[in-house]
Amino acid sequence: MDGLCLENLSKRFGDKLAVDDVSLEIPRGSWLVLAGPSGCGKTTLLRLIAGLEVPSAGQVYINQERVTHWPPAKRQVAMAFQQPSLIGHMTVRANWMFAMSSEKVDRGERQRRIEAAAEALDLASLLDRYPRELSGGECQRAALGRLLVRRPLLQLFDEPFNQLDLPLRTRLRRLLLEHPPCQETTTVFVTHDQSEAMTMADRLAIMWEGRLLQVGRPEELYCRPLYRQVAEFLGEPPMNFFQAYLRFSDGRWWLESHGARWLVCDPNSFSVKNPSLLPAAGQPTLVDVGVRPEHCRWCTEPPSLESGQLLTVPGQIRRLWYQGADRYAEIRCESLAVFLVRIPADELPPSDSHGWLVVPLDRLHLFDAQSGNRVN
Ligand code: ATP
C-alpha cells in the first residue's frame with residue numbers, strides 16, 4: 001500500500017516502553033490524527049516515523065519502501081513541532097527557501113509557493129523579519145509556513161498550534177484543511193486536545209501508555225469506544241462513570257449498584273463482544289458504566305418506567321455549569337455519586353432542586369473494571 005505503514009514498532013528508553021508494538025496503515029493522501037494524554041508516546045512515535053529516533057523493534061515503510069534505518073533527510077518528511085524551530089540567523093523568507101532546498105524546483109515555483117503560504121498565513125509583511133523580531137504566534141505561523149512551502153511524501157504535525165489563542169487556532173486548522181497541497185499529502189497530526197482531534201481527523205487513533213488502543217472515524221470512536229480510556233478521552237464535558245455489577249440471572253442481564261437493580265436488556269439483544277469477560281452464571285462482574293452528559297435527562301416528575309428501557313435514579317442538582325450554548329447540571333445521586341447532565345437551553349432548573357436522573361439503557365457503555373475493555 002502506498003502511504004505510511006508501521007509494523008510492530010516499539011521504542012524503549014531504559015525501563016520505559018514509550019511506544020509498544022504499534023502497527024498502523026495510513027493510505028497515501030489521507031490524514032490520521034493521533035491523540036492521547038500527555039506522555040502516552042505520541043511524539044516518540046512521530047520521531048520514529050521521521051527518523052529522529054531508531055526503533056527498538058519493528059519497521060517503517062513509506063510508499064512501500066522500507067525506511068526504518070534511513071536518515072531523516074532521505075525520507076522526504078516535513079515536520080512541524082510543538083516549539084517553533086526556525087533558524088535564528090535567517091529571515092522568514094530565507095527559512096522557507098532553506099526548507100525547499102532539498103526539492104528540485106525552479107526559482108519561480110519557489111517564489112509562488114512562498115507568496116501563497118505568506119498570504120494564507122497572513123505573513124506577507126513579515127517575510128524579511130528575523131525570528132527574534134516576531135511574536136510567539138507569528139513565529140508559530142512562520143514555522144508552519146516552512147512546512148506549507150514543501151511538497152514532502154509525508155507531513156507530521158506535533159501539536160503545532162499549542163501556543164496560539166483559540167481564534168488563531170481555528171483559523172489555522174481551517175487553513176490546513178483547505179490548503180490543497182497539505183490536504184493531498186499523507187499526514188499524521190498529533191494533538192492532546194480532543195476537540196482538535198475530532199475536527200481534524202479523517203481517521204482518529206487514540207494512544208495510551210505507548211499502545212494504539214483504537215483507530216477509526218471520529219464518530220465511531222465517540223459513539224462506540226472499545227476501551228474506557230478512549231471513552232474518557234473523547235468528549236467535553238467527559239463521560240460520566242459509575243461502578244456496578246453485571247449479573248446474568250433469571251435469563252436476563254442485570255446491573256446492580258448500591259442496592260439499585262436495573263434490567264439491562266434481554267439476552268437476545270445484549271451482545272457481548274468479548275466472551276471471556278462474560279460472568280459465569282450467577283457470578284457478577286464489576287463494570288465501569290459510562291454515560292455521556294448529552295444522553296442523560298433530568299426530570300422533575302418521576303418518569304414512567306417503560307419496560308426496563310430506562311435507568312432512573314433520584315438525585316439533587318448541586319450546581320449549574322454554563323458553557324456558552326450549552327448548560328450542564330451537576331447532579332448528586334444517592335447511589336451513583338456525581339453526574340453531569342446537559343440541560344436544554346430553555347430550561348433552568350433551580351439549584352438544589354430534587355428530581356430524577358434518566359438514561360436510556362441503550363446509551364450505556366459498559367467496560368470491564370479491571371481491563372477497561374468494552375463489554376457490550
Ligand atoms: P506530550 O503530549 O506531553 O508531548 P507524548 O504523548 O508526546 O507527551 P512522549 O514525549 O512520546 O509523549 O513520551 C512518552 C514517554 O517516553 C514519556 O514517559 C517520556 O518521559 C518518555 N521519553 C520520551 N523521550 C525520552 C527520552 N529521550 N529518554 C527517556 N524517556 C523518554
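Go through the residues of the stretch 89-102 one by one and say whether even a single one is within 17 Å of Thr187 (Cα to Cα) and either part of a helix (DSSP H, G or I) or within 15 Å of the ligand (Cβ to nearest atom) (or both). Step through it out loud before you land on a result.
Of all residues in the stretch 89-102, those within 17 Å of Thr187 (Cα to Cα) come to none.
There is no residue in the stretch 89-102 that is within 17 Å of Thr187 (Cα to Cα) and either part of a helix (DSSP H, G or I) or within 15 Å of the ligand (Cβ to nearest atom) (or both).
In this structure, does Val54 turn out to be at negative phi, in a loop (DSSP other than H, G, I, E, B) and away from the ligand (no atom under 16 Å from the Cβ)? Explain how you work it out, then say what you get.
On the way: at negative phi: yes; in a loop (DSSP other than H, G, I, E, B): yes; away from the ligand (no atom under 16 Å from the Cβ): no.
Answer is no for this residue.
Pull up the stretch 156-206, narrow it to residues that are away from the ligand (no atom under 16 Å from the Cβ) and in a strand (DSSP E or B), then point me to the one that is farthest from Tyr222 (Cα to Cα).
Among those residues, the one meeting the criterion is Thr186.
Suppose we filter Ile62, Ile114 for residues that are in contact with a Phe, Trp or Tyr (Cβ under 6 Å, 6 or more places away or on another chain), more than 16 Å from the ligand (Cβ to nearest atom), of a type outside the set (Phe, Trp, Tyr) and closer than 16 Å to Pro152 by Cα; which single one remains?
Details: Ile62 fails: in contact with a Phe, Trp or Tyr (Cβ under 6 Å, 6 or more places away or on another chain).
When all the criteria are applied, what remains is Ile114.
Checking the conditions here, which among Leu153, Leu144 is within 22 Å of Lys42 (Cβ to Cβ) and surrounded by fewer than 19 Cβ atoms within 10 Å (Cβ to Cβ)?
Values: Leu144 fails: surrounded by fewer than 19 Cβ atoms within 10 Å (Cβ to Cβ).
So the residue among Leu153, Leu144 that is within 22 Å of Lys42 (Cβ to Cβ) and surrounded by fewer than 19 Cβ atoms within 10 Å (Cβ to Cβ) is Leu153.
Scan the stretch 319-376 for residues that are among the acidic types (Asp, Glu), modelled with pLDDT under 85 and not in a loop (DSSP other than H, G, I, E, B) and jot them down.
Quick first cut of the stretch 319-376, residues among the acidic types (Asp, Glu) only: 326, 330, 334, 346-347, 352, 362, 368.
Narrowing the set further to residues that are modelled with pLDDT under 85 leaves 326, 334, 346-347, 352, 362.
Asp326, Asp362, listed by residue number.
Any chance you could count how many residues in the stretch 52-80 are under 30 Å from Leu164 (Cα atoms) and surrounded by fewer than 17 Cβ atoms within 10 Å (Cβ to Cβ)?
Restricting attention to the stretch 52-80, the residues satisfying the condition of being under 30 Å from Leu164 (Cα atoms) are 52-53, 72-73, 75-80.
Still in the list and also surrounded by fewer than 17 Cβ atoms within 10 Å (Cβ to Cβ): 52, 72-73.
Total meeting the criteria: 3.
Residue-by-condition table, conditions (1) over 20 Å from Glu301 (Cβ atoms); (2) surrounded by 18 or more Cβ atoms within 10 Å (Cβ to Cβ); (3) not polar (S, T, N, Q):
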{"position": "Leu311", "(1), (2), (3)": "no, yes, yes"}
{"position": "Trp321", "(1), (2), (3)": "yes, no, yes"}
{"position": "Ile331", "(1), (2), (3)": "no, yes, yes"}
{"position": "Phe339", "(1), (2), (3)": "no, yes, yes"}
{"position": "Arg342", "(1), (2), (3)": "no, yes, yes"}
{"position": "Ser351", "(1), (2), (3)": "no, no, no"}
{"position": "Val359", "(1), (2), (3)": "no, yes, yes"}
{"position": "Phe367", "(1), (2), (3)": "yes, yes, yes"}
{"position": "Ser371", "(1), (2), (3)": "yes, no, no"}
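Here are some residues: Ile26, Ile49. Which one is of a type outside the set (D, E, K, R) and outside any strand (DSSP E or B)?
Values: Ile26 fails: outside any strand (DSSP E or B).
Going through Ile26, Ile49 in turn, just one is of a type outside the set (D, E, K, R) and outside any strand (DSSP E or B): Ile49.
Going by the structure shown, is Gly29 among the small types (Gly, Ala, Ser), loosely packed, with under 14 Cβ neighbours inside 10 Å and either within 26 Å of Ala116 (Cα to Cα) or away from the ligand (no atom under 11 Å from the Cβ) (or both)? I'd like the intermediate steps shown before the answer.
Working: among the small types (Gly, Ala, Ser): yes; loosely packed, with under 14 Cβ neighbours inside 10 Å: yes; either within 26 Å of Ala116 (Cα to Cα) or away from the ligand (no atom under 11 Å from the Cβ) (or both): yes.
Considered against the rule, which asks whether it is among the small types (Gly, Ala, Ser), loosely packed, with under 14 Cβ neighbours inside 10 Å and either within 26 Å of Ala116 (Cα to Cα) or away from the ligand (no atom under 11 Å from the Cβ) (or both), Gly29 comes out as yes.
If a residue must be farther than 17 Å from Arg224 by Cα and of a type outside the set (Phe, Trp, Tyr), how many such residues does the stretch 348-367 contain?
Of the residues in the stretch 348-367, the ones farther than 17 Å from Arg224 by Cα are 348-358.
Keeping just the survivors that are of a type outside the set (Phe, Trp, Tyr) gives 348-355, 357-358.
Final tally of qualifying residues: 10.
Can we say Gln140 is touching a Pro at 6+ places or on another chain (Cβ under 6 Å) and either assigned by TED's automatic domain parsing to the domain that holds Arg28 or part of a helix (DSSP H, G or I) (or both)?
Numbers: touching a Pro at 6+ places or on another chain (Cβ under 6 Å): yes; either assigned by TED's automatic domain parsing to the domain that holds Arg28 or part of a helix (DSSP H, G or I) (or both): yes.
Taking the combined requirement at face value, the residue satisfies it.
Of everything in the stretch 1-23 that's in a strand (DSSP E or B) and of a type in the set (A, V, I, L, M), which residue is nearest to the ligand (Cβ to nearest atom)? Full working, then the answer.
First, the residues of the stretch 1-23 that are in a strand (DSSP E or B): 3-13, 16-23.
Pick out the ones that are also of a type in the set (A, V, I, L, M) and you get 4, 6, 9, 17-19, 22.
Values: Leu4: 18, Leu6: 15, Leu9: 13, Leu17: 8, Ala18: 3, Val19: 7, Val22: 12 Å.
Filtering the stretch 1-23 for residues that are in a strand (DSSP E or B) and of a type in the set (A, V, I, L, M), the one nearest to the ligand (Cβ to nearest atom) comes out as Ala18.
The values are calculated or read from the model by the stated rules, or taken from the named source; none is laboratory data. Because the structure is predicted, anything quoted here is derived from the model rather than measured. Positions of Cβ are generated from backbone atoms using ideal geometry, with glycine treated the same way; all protein chains shown enter the neighbour counts.
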